[in-house]
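Visitor: Below you will find the structure I want to go over with you.
The values are calculated or read from the model by the stated rules, or taken from the named source; none is laboratory data. All figures in this text were calculated on a predicted structure; none of them were measured in a lab. Neighbour counts run over all protein chains shown; Cβ positions are idealised from the backbone, glycine included.
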Amino acid sequence: MPGEAAPARTPERQAFYDRIAPLNLAPLWERLHSLVTPEPVTQCQPHIWHYADVRPHLLQSGGLITAMEATRRVLMLENPGYPGEATITGSLFAGLQLIMPGEVAPAHRHTQSALRFIIEGRGAYTSVDGERTTMQPGDFVITPSWTWHDHGNETSEPMVWLDGLDIQIVRLLGASFAEPGANNVQAVARSEGDSFARYGQNLLPVDWKPAVKTSPVFNYPYARSREALVAMDRGGPPEAYHGHKLRYVNPASGQSAMPTIGTFIQLLPAGFASQPYRATDGTVFVCVEGGGETRVGDTVMQWLPRDIFVVPGWAQHTHHASRESVLFSFSDRPVQEALGLWREARGNV
Ligand code: 1HN
């Protein structure tokens, strides 16, 4: 067990540290207590972005730069505890992407995996390795690692979605690769709905073997997720800590739909108040429907549809739904689970 604090820094010791510093040597005993903490210590702060506050600025960015010039016109949601670090939890990236009518966000690929959660507008498409999917509010759409992707809005309304990426995880591991496409818009190679038909119906092509860890289903439509939650609610009482909560899975493995980002959707019945809960994965929530509040210590975050909020890892929290509410969420839980690190605590412990 590390001690409570670093040993005293005497002048003699300091002189020694100064002598070894040019050799790129440093004493562990000065740092041990802050490196190996008895419980998680994070810079991540609870924070909420109200969509009504963000939206006017996001739309202004539409007049400032084109999606083509920006490559991706995204306003990053930066955690106030990590200023300038392009992260919302410490391990994950989140941003709001705007694509205006008639625009194209040009094709590229990278080793970072991305999720899209559709916030506003309906009918723009994203294309993943030659297959397009049309996006509707509440849909959860995946861009797997190293797949070509471009987006286009052929509707007459702006389209906004939340991007979630494993940027900081890939950076930590030194595994970032990226390249632009030969063309801005990928050629369509398969008809729309092909992946959903093959992989999204509790059926799999008879001779198919998964080549990658990411789910072959790349659009999980909100209509289906919602139907499942509503049926669960009709079927019985909510679970005390999460209400009715489901995780999105890769149907070929039963594992999380994305290898590095866990994604979840939950229904909180009107008046439901969850019991205190915490887990080591800092989590980003989006209110899809309803309204309520989430408490983290002394911080109260009141949410309405399209609001986005973050609960730091290991921070005890409770949700209260004033109306029947649906929350989408994502975290690095699958990474922690794969490494045997994920922990949760239920109740006031
Ligand atoms: C990216 O490629 C997209 O493809 C969105 O839509 C957000 C944030 C950081 C780095 C790459 C996209 C991104 C991103």
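Visitor: Can you report the number of residues in the range 68-92 which are within 9 Å of the ligand (Cβ to nearest atom) and either among the polar types (S, T, N, Q) or under 17 Å from ALA124 (Cβ atoms) (or both)? Spell out how you get there, then give the answer.
Guide: Taking the range 68-92 as the starting set, the residues that turn out to be within 9 Å of the ligand (Cβ to nearest atom) are 71-72, 74, 76, 86.
Retained after the next criterion (residues that are either among the polar types (S, T, N, Q) or under 17 Å from ALA124 (Cβ atoms) (or both)): 71-72, 74.
Residues flagged as within 9 Å of the ligand (Cβ to nearest atom) and either among the polar types (S, T, N, Q) or under 17 Å from ALA124 (Cβ atoms) (or both) within the range 68-92 amount to 3.
Visitor: While we're here: Residues that are surrounded by fewer than 10 Cβ atoms within 10 Å (Cβ to Cβ), within 35 Å of the chain's Cα centre (by Cα) and modelled with pLDDT of 95 or more: find the helices (runs of 4 or more DSSP H) completely inside the range 1-68 holding 2 or more of those. Walk me through how you get there before you give the answer.
Guide: Values: elements: 11-20, 32-35, 51-64.
Fully inside the range 1-68 and qualifying: 51-64.
Visitor: Determine whether the range 247-265 contains at least one residue that is assigned to a loop (DSSP other than H, G, I, E, B), touching an Asp or Glu at 6+ places or on another chain (Cβ under 7 Å) and either of a type outside the set (Ser, Thr, Tyr) or over 30 Å from PHE218 (Cβ atoms) (or both). Can you show your working first?
Guide: Residues of the range 247-265 assigned to a loop (DSSP other than H, G, I, E, B): 248, 250-255, 257-261.
Then drop every residue that is not touching an Asp or Glu at 6+ places or on another chain (Cβ under 7 Å), which leaves 260-261.
Remaining after also requiring either of a type outside the set (Ser, Thr, Tyr) or over 30 Å from PHE218 (Cβ atoms) (or both): 261.
Looking through the range 247-265, at least one residue is assigned to a loop (DSSP other than H, G, I, E, B), touching an Asp or Glu at 6+ places or on another chain (Cβ under 7 Å) and either of a type outside the set (Ser, Thr, Tyr) or over 30 Å from PHE218 (Cβ atoms) (or both).
Visitor: Take the conditions more than 20 Å from ASP194 (Cβ to Cβ), within 15 Å of the ligand (Cβ to nearest atom) and either at pLDDT below 95 or of a type in the set (Ser, Thr, Tyr) (or both) and apply them to SER127. Does it pass? Break it down into steps so the answer makes sense when it comes.
Guide: On the way: more than 20 Å from ASP194 (Cβ to Cβ): no; within 15 Å of the ligand (Cβ to nearest atom): yes; either at pLDDT below 95 or of a type in the set (Ser, Thr, Tyr) (or both): yes.
It is false that SER127 is more than 20 Å from ASP194 (Cβ to Cβ), within 15 Å of the ligand (Cβ to nearest atom) and either at pLDDT below 95 or of a type in the set (Ser, Thr, Tyr) (or both).
Visitor: Would you tally the residues in the range 193-220 being among the charged types (D, E, K, R) and within 25 Å of the chain's Cα centre (by Cα)? Lay out the reasoning, then the answer.
Guide: Start the filter on the range 193-220 by keeping residues that are among the charged types (D, E, K, R), which leaves 194, 198, 207, 209, 213.
From the residues that got through so far, the ones that are within 25 Å of the chain's Cα centre (by Cα) too are 213.
Residues in the range 193-220 being among the charged types (D, E, K, R) and within 25 Å of the chain's Cα centre (by Cα): 1 in total.
Visitor: Looking only at the range 327-336, decide whether some residue is over 15 Å from GLN266 (Cα atoms) and surrounded by fewer than 18 Cβ atoms within 10 Å (Cβ to Cβ).
Guide: If we filter the range 327-336 for residues that are over 15 Å from GLN266 (Cα atoms), which is where we start, we get 332-336.
With the extra rule that they be surrounded by fewer than 18 Cβ atoms within 10 Å (Cβ to Cβ), the set shrinks to none.
No; the residues of the range 327-336 include none that is over 15 Å from GLN266 (Cα atoms) and surrounded by fewer than 18 Cβ atoms within 10 Å (Cβ to Cβ).
Visitor: Can you name the residue in the range 108-124 that is surrounded by fewer than 22 Cβ atoms within 10 Å (Cβ to Cβ) and near the ligand (Cβ under 9 Å from one of its atoms) and, of all such residues, is farthest from THR214 (Cα to Cα)?
Guide: Per the stated criteria, the residue is HIS108.
Visitor: Follow-up. Under 6 Å between Cβ atoms, which residue pairs at least 6 apart in sequence (or on different chains) link something in the range 145-170 that is on the phi > 0 side of the Ramachandran plot with a partner that is near the ligand (Cβ under 10 Å from one of its atoms) and of a type outside the set (Asp, Glu)?
Guide: Taking only residues 6 or more apart or on different chains, the pairs are TRP146/ARG109.
Visitor: Which count do you get for residues in the range 158-178 that are assigned to a helix (DSSP H, G or I) and farther than 25 Å from HIS57 by Cα? Step through it out loud before you land on a result.
Guide: Of the range 158-178, the ones assigned to a helix (DSSP H, G or I) are 167-173.
Adding the requirement that they be farther than 25 Å from HIS57 by Cα leaves 168-173.
Adding up the residues that qualify gives 6.
Visitor: Also, I was wondering about something else. Look at GLY95 and say whether it is within 13 Å of the ligand (Cβ to nearest atom) and either outside any loop (DSSP other than H, G, I, E, B) or in contact (Cβ under 8 Å) with a residue 40 or more places away in the chain (or both).
Guide: So GLY95 passes the test.
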